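Enquirer: Sharing a structure with you now.
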Amino acid sequence: MSDPGGSLDIQLTPSSSGLVCTIGSTRPVAAASAFVGRSPEETAARLPLLFSICSRAQAGACASAFEQATGCVASPIIRGRREAAIAAETIREHLWRILLDWPAILGEPPRRDDMAAVLALSNRILARIDPAGDLFGVGASGASSQAPGLDVLLTDLTDLLTHKVLGVSPEHWLSLIGDPSGFARWCRATETVAARLLRSLLDSGEASLGQTPITALPRLSDEDLIARMSAPDWADFVARPIWQGQPHETSPFTRVHPLPLIEVYGAGLLVRLAAQLTEVATGLRLLGGNVSGRAVPAAPSAEVNGVGLGRVFAARGLLAHLVHVEDGRVREYRILAPTEWNFHPRGVVARALESLPPGPAEQLRRQAELLITAIDPCVAFNLTC
């Protein structure tokens with residue numbers, strides 16, 4: 001199957017009242033309907049192949065949806081391993097931006113060797129977490145609580161992050177998020193690409209760029225989300241999601257929400273980039289829990305009626321899969337991805353871009369690309385301004 005990612009077309013147009021942002025999408029949001037008629041087991045095996053980005057998050061949401069629909073619940077150890085695998089994937093996704101895209105903003109070459117080291121470690125870590133390759137099978141139950149050698153690999157990943165990305169230990173970084181003065185000292189004193197990029201925003205006065213009122217996606221109940229994704233206009237909803245009359249944001253920024261930094265720098269570009277770094281550090285914590293055999297208990301059992309909702313916090317936000325199984329076959333399969341929330345035509349990206357100050361065309365493009373990169377659409381985008 002071809003990658004169904006699609007692309008985004010983002011246009012900024014000057015008007016008498018400021019910038020107007022138009023966002024169009026070619027993302028085929030109904031791509032999962034290709035699995036209608038297949039069995040849950042076949043779908044769970046094939047669906048990750050459909051998505052080249054965040055494939056484990058997709059697999060996790062898929063497995064959880066089928067398990068709720070069929071009552072075939074995975075073991076607590078399996079659920080813990082799944083969370084660890086998704087955390088490893090999230091770290092890798094953020095580091096892809098940090099090591100390959102962030103240097104370009106500074107006019108520097110991408111850190112390809114460092115990213116290659118990350119990919120090698122990530123692959124080895126995932127092989128320890130899922131040695132048989134069946135972690136995301138529906139109702140999986142066979143994993144041991146131990147993953148020999150994983151602690152050594154996590155130490156290697158921690159060292160790489162300390163020396164190549166954060167400049168301090170991940171635990172020290174997490175303490176800086178609650179200490180604006182310490183964070184400022186880190187920006188000034190550290191020489192990694194990440195620190196120098198954030199320092200450049202402080203020096204240029206662009207730290208609060210794109211500041212816009214936050215409308216974080218609230219915690220939605222399974223019942224509410226199932227009802228909305230099952231409604232007759234479900235295709236419109238998953239393409240341009242609205243909740244209680246407005247679009248919402250689901251992202252590392254809304255998950256981390258570092259209030260002390262927001263109070264000093266505003267809810268803009270600097271803090272959004274810092275949130276990605278923070279998720280790298282917190283992902284290591286979750287991976288560390290897996291070393292000791294962390295188990296995740298099942299959610300309270302619901303009536304098994306062939307309908308299931310699986311939700312996962314992927315690198316870019318909340319990912320939800322809805323399935324309807326009848327006579328052992330998929331009758332409906334729908335996916336709601338974070339990109340559709342964040343890049344809604346009137347969502348956080350549009351509002352942030354429209355808040356940009358007037359200036360030369362080259363400056364506007366650079367600042368717009370900075371904001372789009374910080375919120376991260378996970379697919380290619382074309383910017384016209």
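The values are calculated or read from the model by the stated rules, or taken from the named source; none is laboratory data. Note that this is a predicted model, so its numbers are computed, not measured. Counting neighbours? That spans all protein chains shown, and the Cβs are built from the backbone with ideal geometry, glycine included. Accessible surface is based on the protein model in full, side chains and every heavy atom, while ligands, DNA and RNA are left aside. Shrake-Rupley method; radii C 1.70, N 1.55, O 1.52, S 1.80 Å.
Enquirer: Among the residues of the range 75-91, which ones are under 17 Å from the mean Cα position of the chain (by Cα) and open to solvent by less than 40 Å² (accessible area, probe 1.4 Å)?
Expert: Initial filter on the range 75-91 (under 17 Å from the mean Cα position of the chain (by Cα)): 82-91.
Result: Arg82, Ala84, Ala85, Ile86, Ala87, Ala88, Glu89, Thr90, Ile91.
Enquirer: Out of the residues in the range 167-198 that are free of Cβ contacts under 8 Å to residues at least 40 places away in the same chain and outside any helix (DSSP H, G or I), which is surrounded by the fewest Cβ atoms within 10 Å (Cβ to Cβ)?
Expert: Glu191
Enquirer: Which ranges mark the helices (runs of 4 or more DSSP H) fully within the range 1-106 that have 1 or more residues being free of Cβ contacts under 8 Å to residues at least 12 places away in the same chain?
Expert: Passing ranges, in order: 40-50, 102-105.
Enquirer: Next question, about the same structure. Quick check on this structure: which one of Cys72, Cys62, Cys54 is among the hydrophobic types (A, V, I, L, M, F, W, C), in contact with a strand residue (DSSP E or B) (Cβ under 6 Å, 6 or more places away or on another chain) and open to solvent by 10 Å² or more (accessible area, probe 1.4 Å)?
Expert: Working: Cys72 fails: in contact with a strand residue (DSSP E or B) (Cβ under 6 Å, 6 or more places away or on another chain); Cys62 fails: open to solvent by 10 Å² or more (accessible area, probe 1.4 Å).
Exactly one of Cys72, Cys62, Cys54 is among the hydrophobic types (A, V, I, L, M, F, W, C), in contact with a strand residue (DSSP E or B) (Cβ under 6 Å, 6 or more places away or on another chain) and open to solvent by 10 Å² or more (accessible area, probe 1.4 Å), namely Cys54.
Enquirer: Can you tell me which of (1) over 23 Å from Leu8 (Cα atoms); (2) over 15 Å from the mean Cα position of the chain (by Cα) is the one Thr212 doesn't meet?
Expert: Of the numbered conditions (1) over 23 Å from Leu8 (Cα atoms); (2) over 15 Å from the mean Cα position of the chain (by Cα), the odd one out for Thr212 is (1).
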